[in-house]
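Below is one structure, written out as structure tokens; the observations come after it.
What follows is calculated from the coordinates using simple rules that are stated; it is not laboratory data. None of these values were measured; they are calculated from a predicted model. Reconstructed Cβ throughout: ideal geometry from the backbone, glycine too, with neighbour counts over all protein chains shown.
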Amino acid sequence: MAFWQRELLRDGVSMTFNQTYELDLPKSGLLGSLVLYIRSTENANALATLRKWRLIDYISKIEIIGDGSEVIKSFDGLEALAAAYHDDGVEPVSMWRTWSSVPHRQWIPIHFGRFLQDELFGLDLSRFDQVTLKITNDATSTQFTTDITISVIAYWLRESAGAFAGYFREEVWKSWAPVAAAVEYSDLPVALPIRRILLEARPGVDTADAKNNSSMHRLMNPIDFSFRTGQTRVFYGPLEVLGHLSTVELRRPVETRGNINHAQGYGFESGVGYAIQNMGAWATDADAIATVLGNMRSDVQDSAQELGYVTANGNLAWSVRGHGYNHTVPLWIAQKPDLSDLIDPEAMKVVKLDITCQSGTTVSGTSRAARNAIILNRLVR
């Protein structure tokens, strides 16, 4: 009988600020997923005016590399969460909060199959001499009081009658700095069948107010996606339409939540690229009755939400719904059980993806300039 073994490979090891933590994985075994559990403690109110107010914002790179050079996974922390969200259909467990000196918690699932506990696809470690997990952070003691602590949990398929049929390689295949009214032309690679294409559109942000300088939608308008060198058009239109369609096709909106005491007038990143609904309730952090309550602005559609009024004590318990989890929207997802809807880029060549940045879009930012990316999930048999 096949079953899943959950093994704690590392528990509570320290990841030094602004360094890369490396872990060599076992030499053999059928590995379905890794789950990373990271935590640290915030310096008192150090994140109150920053764009990067969550621990996950400081995970700048996650890589899983085979035999020193073969990319198996490569993305940053937010992109890893987006991949897990689109694999599992739920937001990874996150403790997004900031006030005083509170602990931060984040779970990061990384799947080598299509989802958690996929018995057909995963990573056979015996096919490599060595597979290494690398996690890089850019946090400092200015933001957090202690080094980041990490635990690594492995999901092993045990006593299986057969081997995996392959694993899914996922990476930021291409990223670029968008230019207003300019087109970014891309011919997708032909080497491997494509299971999923995620489009990522991160707006520019200024340090002065931590707010977006444009909507994510303006960074990709229009999108022209086609097979056979343009002969077969698959999608043409703005990212806004694609985002709304994703909630219909996947039968779920994106929803995030957290607790925050941010400086009034500053934006805080919600993880929802385009907000359709938002709500907030002021919560105290002590046994006391608050006579004047803080609140949340209700007219903000961008991912950077805003506190309308902040009181001396307490925090805002907030929730945001919409589309574009961590500024990603799926352009293509192979969803059939037999994967007959994988894109065969050799048979469909050339698979073209041309993306225009809307005229008049502000792409600059003193905290972060705008960035577009194409994230590919491809089958390695």
**Request:** Go through the range 150-167 residue by residue and turn each phi into a ³J(HN,Hα) via Karplus (6.51, -1.76, 1.60, θ = phi - 60°); whole Hz please, and just put x for glycine and proline.
**Result:** 10, 10, 10, 10, 9, 9, 9, 8, 10, 6, 7, 6, x, 8, 5, 7, x, 10
**Complete:** the chain, Gaussian network, Cα under 10 Å: of Gly32, Gly12, Gly280, the residue fluctuating most is Gly12
**Item:** Given charges at beta-carbon only (K, R positive; D, E negative), |dipole| of the range 171-381 in Debye
**Value:** 520
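Return the calculated 222 nm mean residue ellipticity for the chain, to the nearest 500 deg cm²/dmol, obtained by summing -39500 (n - 2.57) across DSSP H runs with n ≥ 4 and dividing by the residue count. It would help to have the intermediate numbers written out before the result.
On the way: 2 runs with 23 residues, N = 381.
That comes out to -2000 deg cm²/dmol.
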**Item:** Calculated from backbone phi, Karplus (6.51, -1.76, 1.60) coupling profile of the range 106-122 in Hz, x at Gly/Pro
**Value:** 8, 9, 10, x, 10, 9, 9, x, 7, 6, 4, 6, 7, 7, 9, 10, x
**Request:** Could you pull out every residue, at least 5 positions away or on a different chain, whose amide H is within less than 5 Å of the one on Arg105? Hs are placed 1.01 Å off N in the peptide plane, and Pro or chain starts have none.
**Result:** Met95
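Roughly speaking, what is the stretch gain from Trp4 to Asn43, that is 0.36 nm per residue apart minus the C-alpha to C-alpha distance, in nm to one decimal? Let's see the in-between values first.
Details: separation 39, 0.36 × 39 = 14.04 nm, distance 3.89 nm.
The Trp4-Asn43 span can extend by a further 10.2 nm.
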**Prompt:** In whole Å, what is the distance between the alpha-carbon centres of the range 1-59 and the range 139-211?
**Reply:** 15
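Order of Thr132, Thr256 from fewest to most other C-beta atoms within 10 Å?
Details: Thr132 16, Thr256 22.
Final ranking by Cβ density, sparse to dense: Thr132, Thr256.
For Ala347 and Ser298 in one chain, what is 0.36 nm times their gap in residues minus the Cα-Cα distance, to one decimal in nm?
Numbers: separation 49, 0.36 × 49 = 17.64 nm, distance 4.82 nm.
This chain segment gains 12.8 nm when fully extended.
If a/c stays under 1.5 just call it rounded; otherwise compare a/b with b/c (prolate if a/b is bigger, oblate if not). Do that for the chain, with a ≥ b ≥ c from the square roots of the Cα gyration tensor eigenvalues. Can you show the working numbers first?
Details: a/c = 1.91, a/b = 1.22, b/c = 1.57.
Oblate, since a/c reaches 1.5 and b/c is not below a/b.
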**Prompt:** R0 = 22 Å: FRET efficiency of Ser101 with Ser151, Cβ-based, nearest 0.05?
**Reply:** 0.50
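Could you work out the relative contact order of the range 1-74? I mean the mean sequence separation of Cα pairs under 8 Å and 6+ apart, divided by the number of residues, in percent.
Details: 20 pairs, mean separation 9.2, N = 74.
Relative contact order comes out at 12 percent.
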**Request:** For the range 20-37, take each phi angle, set θ = phi - 60°, evaluate the Karplus expression 6.51 cos²θ - 1.76 cosθ + 1.60, and give the result in whole Hz per residue in order, putting x for glycine and proline.
**Result:** 10, 9, 10, 9, 7, 7, x, 6, 8, x, 8, 9, x, 7, 10, 10, 9, 10
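When the chain is fully extended, how far beyond the present Cα-Cα distance does Tyr236 get from Lys174, taking 0.36 nm per residue of separation? Kindly include the intermediate steps, with their values, before the conclusion.
On the way: separation 62, 0.36 × 62 = 22.32 nm, distance 1.99 nm.
Extra length available between Tyr236 and Lys174 comes to 20.3 nm.
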